[in-house]
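Bear in mind these aren't lab numbers, they're just calculated from the coordinates by the rules spelled out. Given the structure is predicted, the values throughout are model-derived calculations rather than measurements. Cβ atoms come from the backbone with ideal geometry, glycine included; neighbour counts cover every protein chain shown.
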């Protein structure tokens, strides 16, 4: 069973993603901000992380940096999912080492397809 | 006291002066030597031995008449701020080193006029220097109780004269450029001015309070003497006229005496020093004159019936009481007064003698070698010899002529002679039409009349009553009696001579100037002198000159006197100042004038002109042409000034534009950020709605419960979207001024209660304790709906941040001056001090890029701020005990616009 971590401060968005990935047989972890995500990652090593950029406390960029520095997470794929949709934002996300960058509002199907593409 | 002891004291004293001069010369520009007090005190070179001893003599013999000599200067000194400033400016830009330079340059740089001024000055001043030597000699003999020796080598004065001649010729010619400042001499003279004043005041106090019993006592005793009353009134009208002329002559003297011109103009470092001199110098004169009367009449009382020279009372009185110490100090004061006059006068006369007479008439041809060092050595030697011979000549005059006369009489003669320069001098700075011919004739005639009515009779000796010239007039003609010329018999000799000489002098100056036109050069300098303020920065522009000149020729002349290095530097300055290319082959008028100026200090104005003329080919310019050129240059200056003003204004405007632009850029950036944030905020609910809808649409197997939940999410996110749009529009209306408020008179406490009501269920949920601290009623005028909005917002925030248990919210309402202050305080986690101001920015989390602060829409406080500011109130957050404290004020009476 593949593991996925969803990080976003908007509960309604989380709810939609959680339902969808559970239905696709993922073990789902949920964090409401970067700090929570990092706490979870201390003991869990998901295959994919879906990461919002603008969040309270610790933002998506900082979270990614921590992930990249963690050897346990070297195989973990990271997807940014953000309302920041300018080309420069996307380039920045990729250059920081994200495996994909999807913009909000998103098609649930597209997100699922991207995740399968990355984990297969 | 024995001669030897006194001579030793004198030597020590002179050594001290040498030391001061040396020190000041070495230190150069430090505060101690270059300040307005040194300048003002150095002007007191005006007070010579005549002041020091002679005033007492006059006061003792004829009462008040010693005063006009001080009243005259004091009358004119306030005008220094205009006249002296002008003279200093003219002299500075033209490198003028003496009054002869000053007058001759104005009248077309006339060599002849310069020579005349020099000769008149020497005639007037040499006897005056002799008088100082005489004073030194006489007082020396009084202090040592010896008789004057007929042998030159037994006369101490001989050695004093030689020492002074050495001192003056050494320190007076340190620089080849005569317009350079001589700090050593100036500082030494200022020092002496202090000493002579201190010693004079000391003897004054001694006589008044130790010999006598104060001013009253002297008066009581003196009023018993015969003639006391007659001597102590101004007298009748004739005496009044005498007074008038004496005031006038000394008024001129303060400008025209070569030593005064030298100290006040040539040695002036900064124009603003005049400001101090204007009060300090008259004060100095006042203090000096304070004790003249007590000493004079004290002396009259003490020496009644004995034949002593009243001039020397200040020495005789302490001597009478065997106070040797005091006697020597008084002597040193008088010695100071005498030698500062001798030194400064001889330096200024020597400058004139060399630069305006000897060099232009005889030595100029001999300065033609190419070697700068040799030329400069020659110039300095000429001046050294001049100073030396002037003092020595004065010494001989003292030995052979001046022995018979009182200090005052010879001093006054000098004043009258020098006053002959007055019309040409003052005309120079105030009257454009004054011409060279007028100036030459006025001085010559004035001086001739002086010669006839004063110098010759005095030289023959007024004491020898057998002189038929004095008693019966020239060729026994009654009308030509030197002291009663043309039958004018009620003036004393000095005012009499002044009256006639100045009458003819002034008349000729005006008559000739008006009748004969001067040449273009005179007119050119006239413009530059009279309008110096317009030309002082770029005066070379105002010099009218036409012809052909080569830069290389002019350079060669300059090198002969300035040397290779200084010439190069000077040319560089010139080229930079006027933006002239350094390889410019042909020289223009400005360079000609510039070069003349550079040479002037070394060899005088006339010689400078002659030298430069010898290497350039000048064309005659007609008078109308001069005026035209000057007019143009004046216009140019005005246009330049306007251009500068306009360009300054442009600079200012462009600066403002840049600021406005910067502000716009900032605003633009803020707008961009705002839009960014707004789109982000709008996209968030849309994302949730889109995701939920997609699932509902695609997934048929979704459980009923979840389906409902997703639908509920869609509804709440839509509402959120709508609220957000409302708030954005609200804020936009306030910011663009489209939103107006409608104030009415309300009870603020009631409004607060009304705002709490809809929030009650939230408050109860968290079991928060809410307290209102206020009077029952606080009325002020505001828009009720809007203030409800503000308070609701603040309360919602407070509720949100209150801890889960023991939450406390306090609302305080108090009146401060004309405002009502309302504070909402919670006991939550509080606000970071750094965020005190930013929380009122829209979407303030946006300033911290990617970090969101959990504060709802991020627009609430921004809207509150707008509302409060539209009420002319203030909103801010401040430190609370714990938790947040946001306060706002509302004016009690809201002025409607």
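Remarks
- Entry for region B:537-621 at q = 0.20, 0.25 Å⁻¹: log10 I(q)/I(0) = -0.90, -1.48, Debye formula applied to identical alpha-carbon scatterers, no solvent contribution.
- Virtual spin-label span in nm between residue B:489 and residue B:874, 7 Å along Cα→Cβ: 9.2
- Residue B:750/residue B:644 FRET efficiency (R0 45 Å; Cβ-Cβ; nearest 0.05): 0.10
- C-alpha center-to-center spacing [region B:1-80, region B:342-384] in angstrom: 28
- Its relative contact order, with pairs defined as Cα atoms under 8 Å and 6+ residues apart, puts region B:627-735 at 24 percent.
- For a label point 7 Å along the Cα-to-beta-carbon line of residue B:706, residues of region B:676-695 with backbone N under 16 Å: B:691-695
- Model label points for residue B:619 and residue B:36, set 7 angstrom from Cα along the Cα-to-Cβ axis, are 5.0 nm apart.
- Helix B:784-801 and the long axis of chain B differ in direction by around 80°, with both axes built from C-alpha atoms.
- Taking each residue as 0.36 nm, the span from residue A:117 to residue A:57 lengthens on full extension beyond its C-alpha to C-alpha distance by 18.5 nm.
- As computed over the protein assembly as shown, the Cα convex hull volume per residue (Å³): 330
- Region B:562-579 and region B:582-618: distance between their alpha carbon centers, rounded to Å: 13
- Taking 19 Å as the cut-off, the amide N atoms of region A:65-86 that come nearer than this to a point 7 Å along the Cα-to-beta-carbon line of residue B:675 belong to A:83-86.
- Across region B:3-414, the mean sequence separation of Cα contacts (distance under 8 Å, 6 or more residues apart), normalised by length, yields a relative contact order of 39 percent.
- Taking every C-alpha pair closer than 8 Å and separated by at least 6 residues, the mean separation divided by the residue count of region A:1-76 gives a relative contact order of 35 percent.
- Computed lengthening from residue B:219 to residue B:772, 0.36 nm per intervening residue step minus Cα-Cα distance: 190.1 nm
- FRET efficiency estimate (nearest 0.05) - Cβ-Cβ, residue B:321 to residue B:228, R0 30 angstrom: 0.80
- Counting DSSP beta bridges with both ends in the protein assembly as shown, the antiparallel % (nearest 5): 50
- Helix-only [θ]222 nm of chain A, DSSP H runs n ≥ 4, -39500 (n - 2.57) each, per residue, nearest 500: -13000 deg cm²/dmol
- Nearest-0.05 FRET efficiency for residue B:568 and residue B:371, computed from C-beta distance (R0 22 Å): 0.80
- Between 0 and 90°, nearest 10: helix B:372-400 axis offset from chain B longest Cα axis: 50
- Separation in nanometres of the label points that stand 7 Å from Cα toward Cβ, at residue B:836 and residue B:719: 3.7
- Taking the longest Cα principal axis of chain B as reference, the axis of helix B:273-290 is set at about 50 degrees.
- Full-extension gain in nm, residue B:272 to residue B:576, via 0.36 nm per residue minus C-alpha separation: 106.7 nm
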